[in-house]
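Written below as C-alpha cells is the structure these notes are about.
Read-outs: derived from the displayed coordinates by stated rules, not from any lab. This one's a predicted model, so the numbers in the text were calculated from it and none came from an experiment. Here the Cβ is made from the backbone with ideal geometry for all residues, glycine too, and neighbour counts use every protein chain on show.
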Amino acid sequence: MIKDARSVADGSRIKTDLCVIGGGPAGISIAREFIARGLQVCLLEAGGLEYDDGTQALYKGENIGHPYYDLNVLRLRFLGGGTNHWGGWCLPLDSIDFEARPGIPDSGWPIDFEHLEPFYRRAAEVCNAGEYDYDPQRWEDESQPRLALAEDKFLSAVMKRAQTFFGQFYRDELDRSSNIHLYLYANVVELETDSNARSVKSVRVATLQGARFHVDAKVFVLATGGIENPRLLLASNKVQSAGLGNGNDLVGRFFMEHLMVPGAMFLPADPTFSLAYYEEPLSESVMGTGFLRVAPELMRDKKLLNARLLVMPGMAQELAMKESAGVSSATLLWGAVRAGRSPGDLSLHIANVIGDLDKIAIYSYRRAFRSPADPVSLKYEIEQAPDPESRVTLGPELDALGTPRVRLNWKFGDLERRTLRQVSEALAIEVGRAGLGRIQIVDDDETGWPPGLRGSWHQMGTTKMNADPAHGVVDTDCRVHGVANLFIAGSSVFPTSGTSNPTMTIVALALRLSDHIKGLFQQGM
Amino acid sequence: MPQSRRRFLLLLLSASSFARVWPGGASQAAVLEPESRRAAELVIELFGHPESARIVGAAYLGARPGPADVGALLRDVFPDAACRTHGRTSSVRDLCIGFDERSRSDFENGRVARIAGWVLSETEAKLCAIAALT
C-alpha cells in the first residue's frame, strides 16, 4: 500500500522486517519480490509520484572534476527514480566485463556472467524488455545484414528497448499489496547502528514539511543510486567517523561513467548496403537495435577497455554534401595556384576552407573515387577504468534536511584515451580491409579529448563489490563489509562498468539480492 | 580546430606544399618516359573528379618527407614495368583491375595514409598524389 510520510506522526517508530531505501528500479524490484511473502516490507521513497522541485533540490551538489551534468538534473527524485528519464535500453554486460583483465587495475568481479545470467533472464521480464534473446544472428536477415568484419576485431550485438517507467508501471501493484508499505516523501538522512557499527538498527527519516520518524528493521537495503548510496554511508558517521562501511576509505571512490564520444564517420563503399540492422527496430514487433562491439580478442591483445559503436542515422546528412562554400573555395584556390595566379578575395576563400575542412576532405574523397554513398556518423561509448581518485565525497554545504551535499570529482585518463584511439584505428583498418568503405576518425588529434565527450547519465562503482574488504565496500552478496544486516543494491556495486546500459544489470543484481535475503529470513534471521 | 585538421589546412594551402607539388611536378612530368606519362594520364582518367583527387593528393604529399616524384610514385603503384608499359595500349578499366584488392591488402598490412582523419590505403593516396603531380 502507498502511504505519505508527511502524515506519519513526528517522533514515531515504524517496525518492519525489511527496509528498502529508494524507490528506483533496484528498490522496486526488491520490494516486488516480497509481495505476499509473509514479511513486512517498508519501501522508503524520497519523492512523490511525480516530479517536485523542492524534493529534487535535495540532489544539488558540486562538480569539481571533468565537466559533468548538474547533479540535480542528472537524477530524478520521485518514484521510479532514474527510469523516469530512462532511454529503456536493456542488455547484459559482456562476459569479459566480469574478468580481471591484465592492464586494467581493479578490474574483475567476484561473480561471472554465467552466475548472473539466470537473473538477467528474470530482469528482462521485470524491465518488460521482451524475450531474453541477445544472439546477434537471430536478428539478421537479408534485409538487415550484419557488417562482415573479422570476428576477432569487431562483433555485432543487439540491445532491446523497454518503455517501462518503473514508478508508473508498478505503483498499482505496490499499492494493492498488503505487506509492502511504500512511503512517499520519506527522505532517509541517516543509517543508525549499534555501538560498534556491526549492524544497522534503524534509519532516520525526515520530510521537508518537518515530520521526523524512524524505521526499525531486521534487514536494510540501500538502493538510492550511484551517488546517493555513498552519500548516505558517508553521512552516517556518528559511530564510524569516516562513514558507515568506510573503514578502508573506499566508499565513494571508483566513480565511473560511460564515456560517450562522437568518434567516426563511415563512408560505405556500397551505397545499397543496408545498415538497417544497426537502426531501430530490430523487427516489426521488437524495439531495439544492433551495434558494434570490440571483440574480446582485440581488447585482450591491446589491453584496451571495452567499447561499442552505435550508428547514428541521419546525423551525417549535412556532410552528404552538396557543394559547400568551403568546397568551392578549396577548388578555386587549387585551380588558381596551379595557374600561377592569385584568386580574388583570398582571405574569404581561406576562411571558407578553414570552416569547412570536414566537408572538403570527404567531398574530395567521394568525388575522386566516385563514391555515391552518404557518410554515416558513429558514436562511441567507452568503458571507464576503475580509478580511486574519481570519487564522490561530502561537501561543506548542507541541504534543507541538514545532510551534507555531495561533491563529485569525475576523473578518467590515459587508458580511456588510448582505447578511443586504438579502437578508432582498428575500426578504420578493418573496414578498409573488409572492403566495406572508409572511416574518418573524427578525433584525429591524439591529444586532449574530443569536444563532444560527455557522460551517459550512468553512475557506477562507488560502493564496489569485492570479496576482500580491503578492495571493496560490499561482499559477493552485496552486504556491506563489517555490517551484518546492511545490503546495497544498484550500479554503485559494479566493480567495472562495461559499456552496456546498466539498468538490466541493476535489476538482475537486485533480484539476486532478493533471493539472498529471502534465504536469510528462511534461516530465521 | 584539432591539430590534424589544422595540419591538413596548412598542407593544403601553404606555399611550400603547392610549390613542391606544382612546379616540381611539372618538371617531373616533363622527364617521364612516354609510357609512364601515358600511365599517369590514365590515372587521371581513373578519377571521377580529378581536381578532388588532386586536393587529396596534395595533402598526402605535403605530409610525406622528401621530394614529390611522380616517377617513383608510378613505380610504387605499378611496380611491374610491363604494367606501366602496358599503359600505352591500356584503358582505365585495365588500371582499375586489382585496385580494390591492392587497397584491401594495404589495409591488411597496415599500409595506410591519414588525411584529415580519413584512413586511406597507400595505393589510393598515391594515385591521388600522381594526379596532383600530373
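For the stretch A:38-94, GluC sites (Glu not before Pro) are listed when DSSP marks them as loop and at most 15 other Cβ atoms sit within 10 Å of their Cβ; the list is A:E50.
If R₀ is 22 angstrom, what is the calculated FRET efficiency for the pair A:R300 and A:D112, using the beta carbon separation as r and rounding to 0.05? With a Förster radius of 22 Å, E is 0.85. Taking the longest Cα principal axis of chain A as reference, the axis of helix A:166-176 is set at about 20 degrees. Using 0.36 nm per residue and subtracting the Cα-Cα separation, the extra length available between A:N196 and A:R176 on full extension is 3.3 nm.
Give the order of A:E140, A:E280 when sorted by the count of other beta carbons within 10 angstrom, beginning with the fewest. Write down the numbers at each step before the final one.
Values: A:E140 16, A:E280 12.
Lowest to highest Cβ neighbour count: A:E280, A:E140.
At 222 nm, what value in deg cm²/dmol follows for chain A if DSSP H runs of at least 4 each add -39500 (n - 2.57) and the sum is divided by all its residues, to the nearest 500? Estimated from H runs of four or more residues: -7500 deg cm²/dmol. Tell me the angle of helix A:503-522 to the major Cα principal axis of chain A, expressed in degrees between 0 and 90 and rounded to the nearest ten. Its long axis makes an angle of about 20 degrees.
Nearest 5 is fine: what % of DSSP beta bridges in chain A come out antiparallel, could you say? Counting only bridges with both partners in chain A, antiparallel ones make up about 65 percent. Cβ-to-Cβ counts within 10 Å put A:Y51, A:Y132, A:Y120 in ascending order as A:Y51, A:Y132, A:Y120, the fewest first. Counting only residues at least eight positions apart within a chain, or on another chain, the lysines with an alpha carbon under 18 Å from that of A:K303 are A:K153. With 32 Å as the limit on Cα-Cα distance, the pairs of A:K379/A:K464; A:K201/A:K411; A:K3/A:K238 that go past it are A:K201/A:K411. Angle between the Cα long axis of helix A:113-126 and the longest principal axis of chain A, 0 to 90 degrees, nearest 10? Helix A:113-126 and the main axis of chain A meet at about 80 degrees.
What FRET efficiency comes out for the pair A:M525/A:A57, r = Cβ-Cβ distance, R0 = 56 Å, nearest 0.05?
Efficiency computed from Cβ-Cβ geometry: 0.90.
Sequence-distant contacts, meaning Cα pairs under 8 Å at least 6 residues apart, place the relative contact order of the stretch A:211-306 at 11 percent.
Sort A:298-307, A:507-516, A:147-156 by the packing proxy (mean of other Cβ within 10 Å over each peptide's residues), most packed first. List each step's numbers first, then the result.
Working: A:298-307: 21.0, A:507-516: 23.1, A:147-156: 17.1.
Packing order, densest peptide first, comes out as A:507-516, A:298-307, A:147-156.
Ordering A:L155, A:G130, A:T462 by the projection of their Cα atoms onto the charge dipole of chain A, which places +1 on the Cβ of Lys and Arg and -1 on the Cβ of Asp and Glu, puts A:T462 at the extreme positive end.
Straight-line cross-link reach from A:K60 at under 12 Å between alpha-carbon atoms covers these aspartates and glutamates, not counting any fewer than eight positions away in the same chain: A:D70, A:E228, A:E397, A:D399.
May I ask for the net charge around A:E62, where only other residues with Cβ less than 14 Å from the Cβ of A:E62 are counted and Lys, Arg are +1 while Asp, Glu are -1?
Result for the local shell: +2.
Taking 56 Å as R0, compute the FRET efficiency from the Cβ-Cβ separation of A:D70 and B:R75 and round it to 0.05. Each step should come with its number before you reach the end.
Numbers: r = 61 Å, r/R0 = 1.09.
E(calc), rounded to 0.05, equals 0.35.
For the stretch A:32-51, the residues whose amide N sits under 14 Å from a probe point set 7 Å from the Cα of A:K15 along the beta carbon direction are A:40.
Report, as an integer, the average count of C-beta atoms from other chains found within 10 Å of each Cβ along A:432-440. Can you show the working numbers first?
Values: counts 10, 10, 3, 5, 0, 0, 7, 4, 7.
Taking the mean over all residues of the peptide, I get 5.
The mean count of C-beta atoms from other chains within 10 Å of the C-beta of residues in A:421-431, rounded to a whole number, is 2.
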